[in-house]
1. Of these, 241, 255, which one is within 16 Å of ligand 1 (Cβ to nearest atom), closer than 30 Å to residue 207 by Cβ and of a type in the set (Asp, Glu)?
2. Do you know which of the residues in region 81-113 that are charged (D, E, K, R) and within 22 Å of residue 9 (Cα to Cα) is surrounded by the most Cβ atoms within 10 Å (Cβ to Cβ)?
3. Of 136, 98, which residue is in the same structural domain as residue 244 (by TED's automatic domain parsing), closer than 26 Å to residue 67 by Cα and touching a Leu at 6+ places or on another chain (Cβ under 9 Å)?
4. On the given criteria, is residue 228 away from ligand 2 (no atom under 12 Å from the Cβ) and without any contact (Cβ under 8 Å) to a residue 12 or more places away in the chain?
5. Going by what's in this entry, would residue 321 be described as away from ligand 2 (no atom under 16 Å from the Cβ), among the charged types (D, E, K, R), outside the structural domain of residue 344 (by TED's automatic domain parsing) and more than 20 Å from residue 352 (Cα to Cα)?
6. Considering every residue within region 185-195, establish whether at least one is assigned by TED's automatic domain parsing to the domain that holds residue 131, acidic (Asp, Glu) and assigned to a loop (DSSP other than H, G, I, E, B).
7. Residues in region 147-184 that are surrounded by fewer than 12 Cβ atoms within 10 Å (Cβ to Cβ), over 22 Å from the mean Cα position of the chain (by Cα) and either in a helix (DSSP H, G or I) or on the phi > 0 side of the Ramachandran plot (or both): how many?
Amino acid sequence: MASNKKLLVLPGDGIGPEVMHEAGRVVGWLGRKRAIGFDISEELVGGASIDVHGVPIRDEVIARALAADAVLFGAVGGPKWAETAFANRPEVAILRLRRELGLFANLRPAIVLDPLVDASTLKPDIVRGLDIMIVRETVGGVYFGEPRGIETLPDGSQRGVNTEVYTTFEIERVARVAFELARKRGGRLCSVEKSNVMESGLLWRQVVSALGKAEYPDVTLSHMLADNCAMQLVRNPRQFDVIVTGNLFGDLLSDLASMLTGSLGMLPSATLGTLGEDGRRPALYEPIHGSAPDIAGTGQANPLAQIASLAMLLRYSFGLDEEADLIDRACVNVLASGLRTPDIMGTGKAKVGTSTMGDAVLRELDKLGG
Ligand code: IPM
Ligand code: MG
């Protein structure tokens, strides 16, 4: 099969380029062994772009992202840019990409792989076999709501303002993605908000509820307040199948859920936009972990989340489920063989660095599907 899909690669800062390098080797493997070709372009984003171009992302890069079939993103940010003005911080790169590509549905799986059941800080009995999908809204809510800003009051003190806003349309479109996923998985969806204190949360609950009744009567829908959800995720995480929630709660709950699995270094994510009339759906894939400036450059970063993000890209953007499965299986096998980067190190395991982990994934891919 010869398909030349346009792939935009944005490694970013910190460990971003290091883990992206390993994902790039897997892309190379797909070309050599499975005849899956990509037209790849690579651009600077985040602090790396600030250093060279003065801005966290250039308009040309946004245009390239809009023209690409999929974007593979690393991570942005770091102490070097901590003092940068708010509107020009490295994080603006990912926020602009989400916003300008209309990437409203962020899919964040939290899966406990068998070989890693001991890496969790929770008891194995609580997390064994865990498989949750958090669907987080990513272009609305308090991240983008107006008014926002810091203003100076007449007495000279200041006031910081952000606004939580959700419309029926925004709630329905992200809820639809979640209902569809629930349908293909365990058939259960839990919608999360703070309808006890926020009007935007009350509307959220009403809209999701009405949509469920009208279009997804086969999916078992429940509602939960966000604080309770945080507690339930730690108490009994396996009660969840798919969770749908707004931007800020999704940010918090997905970090929490990811730690159930033992390491942020393990988890990929996909952020999807609207399916266009041309059959294309804008999409960006990134690991959940950040740029980890504390270990950047030491060769110790775990590349598996970036590699798993590539697997998600193959699955969701190109329907290459077979190859995505191969990559996922290769990662599990490598872990089962006892190799561990420091973030998931366990007793009796072999500690390895980024590139050795990448080597092992490629070797396993050769065995499985070369
Ligand atoms: C995430 C990150 C981002 C967010 C930051 C980098 C802006 O924490 O993707 O979860 O808050 O959305
Ligand atoms: Mg976050």
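The values are calculated or read from the model by the stated rules, or taken from the named source; none is laboratory data. Quantities reported herein were computed from a predicted structural model and do not represent experimental measurements. Quick reminder, even Gly has a Cβ in these numbers, built from the backbone with ideal geometry, and neighbours come from all protein chains shown. Note: accessible area is taken over every heavy atom of the protein model, side chains too, but ligands, DNA and RNA are not part of it. Shrake-Rupley method; radii C 1.70, N 1.55, O 1.52, S 1.80 Å.
1. Within the list 241, 255, the selection yields 255.
2. Start the filter on region 81-113 by keeping residues that are charged (D, E, K, R), which leaves 83, 89, 91, 96, 98-100, 108.
The next check asks that each one be within 22 Å of residue 9 (Cα to Cα); those that pass are 89, 91, 96, 98-100, 108.
Numbers: 89: 19, 91: 16, 96: 18, 98: 21, 99: 17, 100: 17, 108: 23.
Once the filter is applied, the top-ranked residue is 108.
3. One residue alone meets the criteria, 136.
4. yes
5. No, not satisfied.
6. No.
7. Residues that pass the stated criteria total 3.
Yes/no per residue for (1) away from ligand 2 (no atom under 16 Å from the Cβ); (2) more than 26 Å from residue 167 (Cα to Cα):
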position	(1), (2)
216	yes, no
232	yes, yes
245	no, no
260	no, yes
264	no, yes
267	no, yes
